[in-house]
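The values are calculated or read from the model by the stated rules, or taken from the named source; none is laboratory data. Keep in mind it's a predicted model, so treat the numbers as computed, not measured. Because the Cβ atoms are built from the backbone with ideal geometry, glycine has one as well, and the counts that use them run over all protein chains shown. Keep in mind that these areas ignore ligands, DNA and RNA; they rest on the heavy atoms of the full protein, side chains included. Shrake-Rupley method; radii C 1.70, N 1.55, O 1.52, S 1.80 Å.
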Amino acid sequence: YVASRVLEFVQPDFERTSLSAIAGDIRTSMLEELDFEKEATNLEEFRVFLRENGLMDVATAPKVYREYTTKKIMVMERLNGVSMLDAEKISEITNSNPETTIITALNVWTTSVMTMPWFHADVHAGNLLVLRDGRVGFIDFGIVGRVSEKTFKAVNELSGALALGDYKGMAKALCNMGATDDEVDIEKFASDIERVMMNLGSVQTDITLTAMNDGSLQGSLDFDESEVTDVLLDIVDVTESNGLKLPREFGLLVKQSLYFDRYLKILAPNLDVMSDERVGLGGNMEDLNGGNVNGARLAPEEVLIDV
């Protein structure tokens, strides 16, 4: 953090990229992620959110055993499931309907963003599981984000412009969200945003074929997580080159949205999220049946200790 402040003093242009703020955010995030008592509280609050919104039949998060949890160790329920990238297994679990699973995951997450004081800010494939009973399991609540009223309003404006393909509207929404000392050239900014969106559309899903012992072929779908990061950095670069400094929570929101975009390409490539009535805040979730493990006492092999 001190080194970043020195760099900003020596080279004032670095201040626009807010190196010290980035370093401070990383330090804060690492400290929060290593505090298991805080993560346990996040887990419990998310389970309350699921219960109060009637979502426990379609999604879950591990139950925490508080009596064994400290700042350095967390004991919680173990969720047995497969990665959100395992299209073949998900298809087996959902009777060839993986599309419903990703819609459920997206609806639950967006509802949490809208209704909770914080949101899960690390929904990579290892933290979203599809359980044996078809529910979506959310794990690892060490990193969460909080959206201010100003950012939330601007995100709504951005979403509307995005749905219409209105790049100028996107530019205006981002200007309303970010801090700037100079007047922004909206036309140039809109053109830069259009380029970023074209790059996002060009990201391809990787297809891997594996020869099995019986001579058959097994296929799997995946994507390079570095491509998600590259797109995010491209967005940051475009905003900063136009004189804007966006809030950290927006970057966290965008990265989670990019993860879901990849999952949609893998599990529901033909789904139009803008027009499909199943996609929304909470969505239509009656299609999945929940299990009965929540609240029950678990066997030793179903307990996970995080250290």
Might you let me know whether segment 181-188 holds any residue that is under 25 Å from residue 260 (Cβ atoms) and modelled with pLDDT of 80 or more? no
Go through (1) under 25 Å from the mean Cα position of the chain (by Cα); (2) at pLDDT 90 or above; (3) more than 30 Å from residue 270 (Cα to Cα); (4) in a helix (DSSP H, G or I) and name the single condition residue 75 misses. (4)
Is it the case that some residue within segment 101-110 is touching a residue at least 40 places away in the same chain (Cβ under 8 Å) and over 15 Å from residue 259 (Cα atoms)? no
Sole exception among (1) in contact with a strand residue (DSSP E or B) (Cβ under 9 Å, 6 or more places away or on another chain); (2) modelled with pLDDT of 85 or more; (3) not acidic (Asp, Glu) for residue 175, by number: (1)
Conditions (1) surrounded by fewer than 20 Cβ atoms within 10 Å (Cβ to Cβ); (2) modelled with pLDDT of 95 or more; (3) farther than 24 Å from residue 99 by Cα -> residue 43 fails only (1)
Kindly check whether there is at least one residue in segment 201-219 that is within 17 Å of the chain's Cα centre (by Cα), at pLDDT below 70 and open to solvent by less than 30 Å² (accessible area, probe 1.4 Å). no
Of the residues in segment 144-172 that are in a loop (DSSP other than H, G, I, E, B) and within 15 Å of residue 187 (Cα to Cα), the one that is modelled with the lowest pLDDT is 165
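Okay, residues lined up against (1) out of contact with any helix residue (DSSP H, G or I) (no Cβ under 6 Å at 6 or more places or on another chain); (2) β-branched (Val, Ile, Thr); (3) modelled with pLDDT of 75 or more:
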| site | (1), (2), (3) |
| --- | --- |
| 234 | no, no, yes |
| 246 | no, no, yes |
| 272 | yes, no, yes |
| 277 | yes, no, yes |
| 297 | yes, no, no |
Within segment 100-134, restricting attention to residues that are in a helix (DSSP H, G or I) and open to solvent by 50 Å² or more (accessible area, probe 1.4 Å), which residue is nearest to residue 276 (Cα to Cα)? 114
